[in-house]
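Take a look at the structure set out below.
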Amino acid sequence: MHSINKAIGRLFRIWLIWAAVLPGLQAAETPQQWTAAHLDELLSYYHTFHSQPELSFREVNTAARLAEAWEKCGIPVTTGVGGNGIVGLLKNEPGPVVMLRADMDALPVAEQTGLPFASTAHTVNEGGGEVSVTHACGHDIHMINLIGAACYLAANKSLWKGTLMLVGQPAEEKGAGARAMLDDGLFERFPRPDFAIGLHVSPVLAAGKIGYRPGYTMANVDSVDITLYGKGGHGAYPHTTIDPVVQAAQLVLALQTIVSREIDPVEPAVVTVGSIHGGTKNNVIGDSANLLLTVRSFSGTVRQKILEAITRKAKAVAMGAGAPEPLITVARGTPSLFNDPQLSARLRPVLQQEFGAENVVISKQTMGGEDFSQYGRAGVPILMYWLGAVSQERLDAYEESGEEPPSLHSPLFYTDAEATLITGISSMSYVALELLKP
């Protein structure tokens, strides 16, 4: 009996050894392990993308670098979709189609971060002036995230089935790139996604944390240009004129009552006059004045009500002054971003399990805009979540000093890239594995 027990004990110890070894032989790397193992290469990509940014619809070199990175991982890429847009497709047996998207364009901002790989890029803008160019909105991190998630999924095809659709999108900053790709047949030339996922870095959320919100998350963005007409003349004889500057002043005040008195107080809305120009000289009353507005809302009903009210009030001011009818031009921009509630509910526990419930938080609504919303408007369930991008230490330092962290689009904004990429690549990989699970 003793010898039998001894033999059983020996077999048990051997089993323990193999139990410890086998997971390393059989199980695929976790996204965190894969990212940590490839972090140097990913950071090298990041430094290149950050230091060589390109403006909207000019992302020629950026798109080429992103396509090359995907192709290195064995993913076929189609270029020139909707301008400089690129699409990568990785098919792995029948199953769902999951789209992962990153935006590629940068901003006309002069970087002041002091980073050793800071952008010094310059270009000529559409108006013919020279401008600096910077990734001040984190699109460089978005692209590296998508390189990492794509290459991890390509290296671990045993974990999923279906089609992975990668989208490198141009011109998000103009609110036009998603529409351009859709108009170029994104969902006709390529498989129509069952789900679409995107992320955006957050300047106020600590690295390692994820923010999400079901339903309305980001706003409708509309621009309104108003030209008020008058009758010019000498500033000393205003009674012989119709003053467009006075009309403009009255209109600015009248516009403030739209949100405060015409929109339900529980419905978020913004009407901002960002620019006002009229006249040429102290003692000259001009013939016209121009106002440029940005309008933000969530629901389509509120959006339409605000635009109608702006038109009504502008015409009323002109009529009250005995002036000609004003010229009002409305440019509808990006629609509001609505995260699919069912998709949000499905993915929330996945993220909580992998990163801890305390690190997956409900984010606030924002009046910023994002043309990722266009894919949802095209009928695809979407989720865009926030990725913490600033270390807790830096956030604490800002709070102690009484400063606000630099916002997106600030020349001082930068990410703590290493921690941000580990969470970003891992989270997007886990989301894709959930949606593509066999």
Go through region 81-101 and report how many residues are buried (at least 23 other Cβ atoms within 10 Å of the Cβ) and among the charged types (D, E, K, R).
1
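Mind checking which helices (runs of 4 or more DSSP H) fall wholly inside region 280-385 and carry at least 2 residues that are assigned by TED's automatic domain parsing to the domain that holds LYS231 and under 23 Å from VAL266 (Cα atoms)?
Details: elements: 300-321, 341-355, 373-377.
Output list reads 300-321.
Rundown of residues vs (1) closer than 30 Å to PRO94 by Cβ; (2) at pLDDT 95 or above; (3) outside the structural domain of THR366 (by TED's automatic domain parsing), yes/no style:
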| site | (1), (2), (3) |
| --- | --- |
| GLY128 | no, no, no |
| ALA154 | yes, yes, no |
| GLN169 | yes, yes, no |
| ALA178 | yes, yes, no |
| SER202 | no, yes, no |
Can you tell me which of (1) in contact with a helix residue (DSSP H, G or I) (Cβ under 9 Å, 6 or more places away or on another chain); (2) crowded, with 19+ Cβ neighbours inside 10 Å; (3) of a type in the set (Val, Ile, Thr) is the one VAL204 doesn't meet?
(2)
Considering only residues that are of a type in the set (Val, Ile, Thr) and touching a strand residue (DSSP E or B) at 6+ places or on another chain (Cβ under 9 Å), look in region 37-84 and name the one that is nearest to VAL133 (Cα to Cα).
THR62
Residues in region 231-245 that are closer than 11 Å to GLY286 by Cβ and surrounded by fewer than 19 Cβ atoms within 10 Å (Cβ to Cβ) total 6
All but one of (1) of a type in the set (Asp, Glu); (2) surrounded by 17 or more Cβ atoms within 10 Å (Cβ to Cβ); (3) more than 30 Å from GLU173 (Cβ to Cβ) hold for GLU262; state the number of the condition that does not hold.
(2)
Just to be sure before I move on: is ALA136 among the hydrophobic types (A, V, I, L, M, F, W, C), in contact with a His (Cβ under 8 Å, 6 or more places away or on another chain) and under 25 Å from PHE372 (Cα atoms) in the structure I sent?
yes
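Scan region 220-265 for residues that are assigned to a helix (DSSP H, G or I) and hydroxyl-bearing (Ser, Thr, Tyr) and jot them down. Working first, answer last.
In the first step, residues of region 220-265 are kept if they are assigned to a helix (DSSP H, G or I); the result is 238-240, 244-261.
Within region 220-265, THR240, THR257, SER260 qualify.
Tell me whether region 401-413 contains one or more residues that are more than 20 Å from GLU111 (Cβ to Cβ) and either modelled with pLDDT of 95 or more or buried (at least 22 other Cβ atoms within 10 Å of the Cβ) (or both).
Step one: filter region 401-413 for residues more than 20 Å from GLU111 (Cβ to Cβ), giving 401-402.
Narrowing further to those that are either modelled with pLDDT of 95 or more or buried (at least 22 other Cβ atoms within 10 Å of the Cβ) (or both): 401-402.
Looking for residues that are more than 20 Å from GLU111 (Cβ to Cβ) and either modelled with pLDDT of 95 or more or buried (at least 22 other Cβ atoms within 10 Å of the Cβ) (or both), one finds at least one in region 401-413, hence yes.
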Just one of (1) in contact with a helix residue (DSSP H, G or I) (Cβ under 7 Å, 6 or more places away or on another chain); (2) surrounded by 17 or more Cβ atoms within 10 Å (Cβ to Cβ); (3) polar (S, T, N, Q) trips up THR113, so point out which.
(1)
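Could you tell me which of the residues ILE310, ILE306, ILE328 is farther than 24 Å from TYR216 by Cα and either at pLDDT below 95 or of a type in the set (Val, Ile, Thr) (or both)?
Working: ILE310 fails: farther than 24 Å from TYR216 by Cα; ILE306 fails: farther than 24 Å from TYR216 by Cα.
Going through ILE310, ILE306, ILE328 in turn, just one is farther than 24 Å from TYR216 by Cα and either at pLDDT below 95 or of a type in the set (Val, Ile, Thr) (or both): ILE328.
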Going residue by residue through region 39-48, is there one that turns out to be part of a helix (DSSP H, G or I), of a type in the set (Phe, Trp, Tyr) and either without any contact (Cβ under 8 Å) to a residue 40 or more places away in the chain or closer than 28 Å to MET181 by Cβ (or both)?
yes
The correct count of residues that are surrounded by 13 or more Cβ atoms within 10 Å (Cβ to Cβ) and either within 30 Å of SER373 (Cα to Cα) or among the polar types (S, T, N, Q) (or both) in region 277-303 is 13
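The values are calculated or read from the model by the stated rules, or taken from the named source; none is laboratory data. Every value quoted in this text rests on a predicted model; they were computed, and no experiment measured them. Counting neighbours? That spans all protein chains shown, and the Cβs are built from the backbone with ideal geometry, glycine included.
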